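Structure first, commentary second.
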Amino acid sequence: MSRSRPTGMSPPMRMMWRPTPIGVRRSAILRRSPPCPFRRFPMMAILDAAYSGSFHNPFIDNDYHYDIVTDMSKHCQVLGTRAHVGNAVSHSHRKTRRTFSPNLQRKRYYVPSLGRTVTLTLTPKGMKTIDRQGIEAVAARLIESGEIGHLK
């Protein structure tokens, strides 16, 4: 069993390399190491929820309402358009994986039934859908599906 440094490693890896103690298998060392905190709680259900609340400021006699939305994935809230995955093809036809992101825009709409403005993340096709169907119908559908449930 050789205890010398491996020669085929890159310089940064060679600096980090440490020999394992005699009589201890490398797999035993890996099992002993603490697990990644993100793997223990897979997606942390806390991050999926939308929170809202309100508080009263007695100094200026004002009520504040806040919405904290933590589920911020890159998708159109009306149509559900998400990023696609494909190949970037070079001149020599080498293929490397890449993502095709949707053209997302943040747009504010006033919803009379809610009596407030709503900020939505939309693609241009989603904006045309709102123009065609009307913001009332689209907002009702989004609240029913839970996409913007924090506005109830």
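Here is how the numbers come out for the structure above:
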read-out: Which listed residue is farther than 27 Å from residue 146 by Cβ and either modelled with pLDDT under 95 or touching a strand residue (DSSP E or B) at 6+ places or on another chain (Cβ under 9 Å) (or both), from 124, 37, 42; value: 37
read-out: Some residue of the range 110-119 being in contact (Cβ under 8 Å) with a residue 12 or more places away in the chain, surrounded by 14 or more Cβ atoms within 10 Å (Cβ to Cβ) and touching an Asp or Glu at 6+ places or on another chain (Cβ under 9 Å); value: yes
read-out: All positions within the range 72-85 that are in a loop (DSSP other than H, G, I, E, B) and surrounded by 10 or more Cβ atoms within 10 Å (Cβ to Cβ); value: 74, 75, 76, 77, 78, 79, 80, 81, 82, 83
read-out: Subset tally (residues that are assigned to a loop (DSSP other than H, G, I, E, B) and within 29 Å of residue 124 (Cβ to Cβ)) for the range 86-103; value: 3
read-out: Residue that is modelled with the lowest pLDDT [pool: residues in the range 57-84 that are of a type in the set (A, V, I, L, M, F, W, C) and under 26 Å from residue 103 (Cβ atoms)]; value: 69
read-out: Number of the condition not met by residue 132 [criteria: (1) within 16 Å of residue 79 (Cβ to Cβ); (2) surrounded by 11 or more Cβ atoms within 10 Å (Cβ to Cβ)]; value: (2)
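The values are calculated or read from the model by the stated rules, or taken from the named source; none is laboratory data. For clarity, every value in this text was computed on a predicted model and none was experimentally measured. FYI the Cβ positions are ideal-geometry reconstructions off the backbone, even for glycines, and counts take in every protein chain you see.
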